[in-house]
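Please read the structure below before turning to the comments.
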Amino acid sequence: MADHIDMANDLAEAETARHIAAARQPIPVGVAGQCEQCGDEFPRLVRDHGGLRCGFCRDGRRKPR
Ligand SMILES: [Zn+2]
C-alpha cells in the first residue's frame, strides 16, 4: 500500500520529468537577412512584433560602432 511519502516521491518524479522535457525544447534558430528597422544585414534576425529585427533593435539598444 502506498503511503504519503511514496505518493510525494511519485509526484516529484513526474514533476522532474516534466521539467526535463520542457528544457529540451529547441531554441528558435532565427534567420539571416536585413533588419526591418535599421536595414543592416545580420546573420541572425528575430521575429518581433510581426517583423524580423536584429537583437539591437529588438532590445532598444544602439549597435556598438
Ligand atoms: Zn536592427
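The values are calculated or read from the model by the stated rules, or taken from the named source; none is laboratory data. Computed from a predicted structure; not experimentally measured. Here Cβ is always computed from backbone atoms with ideal geometry, including for glycine, and neighbour counts include all displayed protein chains. The accessibility values were calculated without ligands, DNA or RNA, using every heavy atom of the protein model including side chains. Shrake-Rupley method; radii C 1.70, N 1.55, O 1.52, S 1.80 Å.
Take GLU13 and tell me if it is open to solvent by 100 Å² or more (accessible area, probe 1.4 Å) and within 10 Å of the ligand (Cβ to nearest atom). Don't jump to the end; show me each part of the working.
Numbers: open to solvent by 100 Å² or more (accessible area, probe 1.4 Å): yes; within 10 Å of the ligand (Cβ to nearest atom): no.
So GLU13 does not fit the description; no.
Tally up the residues in region 25-42 that are more than 8 Å from the ligand (Cβ to nearest atom) and modelled with pLDDT of 90 or more, please. Spell out how you get there, then give the answer.
First, pick out the residues of region 25-42 that are more than 8 Å from the ligand (Cβ to nearest atom): 25-34, 41.
From what is left, the residues that are modelled with pLDDT of 90 or more are 32-34, 41.
Summing the residues that are more than 8 Å from the ligand (Cβ to nearest atom) and modelled with pLDDT of 90 or more in region 25-42 gives 4.
Entry remark, region 27-65: residues being acidic (Asp, Glu) and open to solvent by less than 70 Å² (accessible area, probe 1.4 Å) number 2 in total.
Taking the stated definitions as given, is ALA22 farther than 21 Å from CYS54 by Cβ and at pLDDT below 95? Steps first, please.
Details: farther than 21 Å from CYS54 by Cβ: yes; at pLDDT below 95: yes.
Here the answer is yes, as ALA22 does meet what is asked.
Note on region 43-60: residues that are at pLDDT 85 or above and in contact with a helix residue (DSSP H, G or I) (Cβ under 8 Å, 6 or more places away or on another chain) total 2.
Condition check for MET7 on (1) open to solvent by 70 Å² or more (accessible area, probe 1.4 Å); (2) of a type outside the set (D, E, K, R); (3) within 27 Å of the chain's Cα centre (by Cα): one failure, at (3). Selection of first residues in region 36-65 that are without any contact (Cβ under 8 Å) to a residue 40 or more places away in the chain and of second residues that are open to solvent by 80 Å² or more (accessible area, probe 1.4 Å), restricted to Cβ pairs under 6 Å at least 6 apart or on distinct chains, gives the following pairs, ordered by first then second residue: GLU41/GLN34; VAL46/ARG58; ASP48/ARG58; GLY51/GLU36; LEU52/GLU36; ARG53/GLU36; ARG53/GLN37; CYS57/GLN37.
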